[in-house]
Amino acid sequence: MSNPLKSTLALAAALFVSAAADASAETAHIFWKDLRPATQSAAENVGLPMIAAKLPDHGETLSVNLQDKSIQLAGYALPVDRDGDLVYQFLLVPWTGACSHMPTPPPNQIVLVTPAHPYKMSEAYQPVAVTGALKPDMEKSQLFILDGVSIIQSGYSVRKADVVSVETVPDTITLPVNSPWSFLNKKKN
């Protein structure tokens, strides 16, 4: 290989690595609290899903300062559209059991995710990290659960998302021992 060709390939590789580093530097790693107004009850409050209907805005006030920004958010995936173990769309929620085993979080605590490629998921509520452009976008999804169909309103969407499995969700809620849904703690947290 000639020296000019080697130099060109080396320069191209360096530019690619530099561009990838710049792209990742622009991705904001956010937490669930960043999706709700500062005046709303903290997501750490286990009562939040139960009181969402009592909030003045019903949890529909969204954070527009993150609109169209590349974000990364960890949560639990609840499939909306799947074929076997391939998931084409899912709800990202802040704790296990949300929407199917316990009351639904407010819309500003639910993200509708469409992966760039079908995501292989072995179980509902699998912990994942989602990376992509966040859009405040009130949307309703039909969720098929054991005891029927639920219509779930999400406050945000991420389309063409990169999805990776994670071991833990940093800001997850651990349900109290006396909660009827505390059985969800042992496996996920």
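The values are calculated or read from the model by the stated rules, or taken from the named source; none is laboratory data. Since the structure is predicted, the reported quantities are computational estimates derived from the model, not experimental observations. Here the Cβ positions follow ideal geometry from the backbone for every residue, glycine too, while neighbour counts run over all protein chains shown. Accessible surface is based on the protein model in full, side chains and every heavy atom, while ligands, DNA and RNA are left aside. Shrake-Rupley method; radii C 1.70, N 1.55, O 1.52, S 1.80 Å.
Things worth noting here:
- Ranking Glu139, Glu26, Glu60 from most to least accessible surface, computed with a 1.4 Å probe over the protein chains only, gives Glu26, Glu60, Glu139.
- The packing ranking, built from the mean of other Cβ atoms within 10 Å per residue, places the peptides 66-76, 159-169 in the order 66-76, 159-169, highest first.
- Stretchable slack from Asp68 to His117, in nm (0.36 nm times residue separation minus alpha-carbon distance): 15.6 nm
- Net charge in the neighbourhood of Val80 (other residues with Cβ under 11 Å of its Cβ; Lys, Arg +1, Asp, Glu -1) is 0.
- Full-stretch length increase - Lys160, Met138 - with 0.36 nm per residue and alpha-carbon distance subtracted: 6.2 nm
- Peptide ranges 105-118, 80-93 listed from the most packed, as the mean C-beta count within 10 angstrom indicates: 105-118, 80-93
- Length gained on full extension, Val149 to Ala28: 40.1 nm, using 0.36 nm per residue less the C-alpha separation.
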